[in-house]
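Some notes on the structure that comes next.
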Amino acid sequence: MQRLLMIAPAPVIRTETGYVLDKKFITGMELHCKFWPGEFDCLLREGAQKIPFGAQDVTSDLAFGLKVLTPDEPITAAHLEGYDVIYCGIDSVESFDVIDIDMPHRPRFFATIEYTLRTRLQAAWLDNRDSLAKRLRTMLWLMRQEPRRRKFIRKADGLQTNGYPAFFSYRAMNTNPLLYLDNRMTPALFATQAECDARATRLKSGAPLRLVYSGRLERMKGAQDLIPIAKALNARGTAFHLDIFGDGYLKEKIAKDIQKEDLARNVTLHAPVDFETELVPYMRKNSDIYLCCHRQSDPSCSYLENMGCGLCVVGFGNQMWAALHEASGAGWVTPVGKHAQIAGVICDMDSHRDEVVTRCDKAITFAKSHDFLSEFQKRMAHLHKQ
């Protein structure tokens, strides 16, 4: 029986009775345990002040072993001893030197990554809460760390990349790469055939297009583009409704702009809702199109999750959506940041409803081929393979 240790960048907060962890992280770890044929432990580091979304108090035993380091505690050979596989998330710099720790019996090291250097630089530049000087310093620091990340990838026994951009950027640096598409869509969450048929019937009737955005309301996710796009659609006389689900520092501005631009009849800003019990059922029954304004190329799980609800996608042509669109045929790609052009595409969709239905069908077909369980099984088999 093999023992696996995952070194992850996930946040953890120590409490008097246990820990606070991210709910999505706990779900993922439970799946790792289910598909890993042996003992599974996770090593996290304290330092987070809060967990913005989906925080969960942990006061009882978890399905996996949890080891928690203090913020400045180094990872040593003692932490790694006795494991057959060390699985390191290298989006965080804290794991870079782990692969060089001298050990009498070296385990196999695997790296997992989702952000490319380009995406990191884009995210830093878009965060205008920081001054220009601080953003430039952050970008310089990111570039200086990249050689260490690439060194780890080259030395690792295997590499797993979440999303196409990281796969294209790093696959040539490792002899054992694997592409996966992270998402939370288990078989029970996918839209039913009856729901897809009802959406198709409604679309072909000429009813207003129903757009939805779900995710963080941050510049990194393009939330600043939602209202300008809605404004452009309204100016064209397109019948539509846009539902916005999420939270973030742009939420207050979006709420004000809805009133300022007189869009209350066309745009609804919702409070954050539970993914499985509220968001997914709502989108399956009340949405047609996922409006994705991501300017940078992170492999957001929102793509597959919306597609799994039966929604086609119209989005800016960042590296992730451009590649996913090519693989799936599940929507439309538009130039990044061009509000008038994405509004024009949506207007054209309004006149070609049969094509919208076709791409909705392609979306759910592709999403079903990359469901949560299948992707996890693939990853665990890759780690276990000798």
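Tabulated data for the structure shown
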{"read-out": "Simple Cβ-charge dipole of region 129-253, Lys/Arg +1 and Asp/Glu -1, about Cα centre, in debye nearest 20", "value": "700 debye"}
{"read-out": "Most positive-pole-ward Cα, 347, 364, 254, against dipole of the chain from beta carbon charges", "value": "347"}
{"read-out": "Sequence ranges 238-244, 266-272, ranked by mean other-Cβ count within 10 angstrom, highest first", "value": "238-244, 266-272"}
{"read-out": "Net charge, residue 171 excluded, C-beta distance under 13 Å - Lys, Arg +1, Asp, Glu -1", "value": "+2"}
{"read-out": "Surface accessible to a 1.4 Å probe, per residue, for the residues of the chain, Å²", "value": "44 Å²"}
{"read-out": "Gyration tensor (alpha-carbon) shape descriptor, the chain, a/c threshold 1.5", "value": "prolate"}
{"read-out": "Nearest-0.05 FRET efficiency for residue 271 and residue 354, computed from C-beta distance (R0 30 Å)", "value": "0.30"}
{"read-out": "Net length gained if the chain between residue 101 and residue 30 were fully extended (0.36 nm per residue, minus Cα distance)", "value": "22.7 nm"}
{"read-out": "Contact order relative to length of region 1-47, as percent, for alpha carbon pairs under 8 angstrom and 6 or more apart", "value": "60 percent"}
{"read-out": "Prolate/oblate/rounded label for region 30-120 (Cα gyration tensor, a/c 1.5)", "value": "rounded"}
{"read-out": "Efficiency of FRET between residue 235 and residue 286 - r from beta-carbon atoms, R0 22 angstrom, step 0.05", "value": "0.35"}
{"read-out": "Fraction of accessible area attributable to carbon and sulfur, the chain (%, probe 1.4 Å)", "value": "51 percent"}
{"read-out": "Residue-by-residue Karplus 3J(HN,Hα) for region 163-178, coefficients 6.51, -1.76, 1.60, Hz, glycine and proline x", "value": "x, 5, x, 5, 4, 5, 6, 10, 4, 6, 8, 9, 7, 9, x, 9"}
{"read-out": "Estimated inter-spin distance, residue 194 and residue 76, nm [label 7 Å along Cα→Cβ]", "value": "6.1 nm"}
{"read-out": "Residue-span extension gain [residue 365 to residue 2] - 0.36 nm each, minus C-alpha spacing", "value": "127.2 nm"}
{"read-out": "Value of relative contact order over the chain, rounded to a whole percent, pairs C-alpha under 8 Å and six or more apart", "value": "15 percent"}
{"read-out": "Overall form of region 214-290 per C-alpha gyration tensor (a/c, 1.5; a/b vs b/c)", "value": "oblate"}
{"read-out": "DSSP bridge orientation in the chain - percent antiparallel, rounded to nearest 5", "value": "15 percent"}
{"read-out": "Filter on 256/338; 34/251; 253/338; 24/151 - keep pairs with C-alpha separation over 28 Å", "value": "34/251; 24/151"}
{"read-out": "Computed over region 249-341: relative contact order in percent, which uses C-alpha pairs under 8 Å that are six or more apart", "value": "21 percent"}
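The values are calculated or read from the model by the stated rules, or taken from the named source; none is laboratory data. Predicted model only: the values in this text are computed from it and were never measured. Note that we place each Cβ from the backbone using ideal geometry, even for glycine, and neighbour counts take in every protein chain shown. Areas reflect the complete protein model, heavy atoms only, side chains present, ligands, DNA and RNA absent. Shrake-Rupley method; radii C 1.70, N 1.55, O 1.52, S 1.80 Å.
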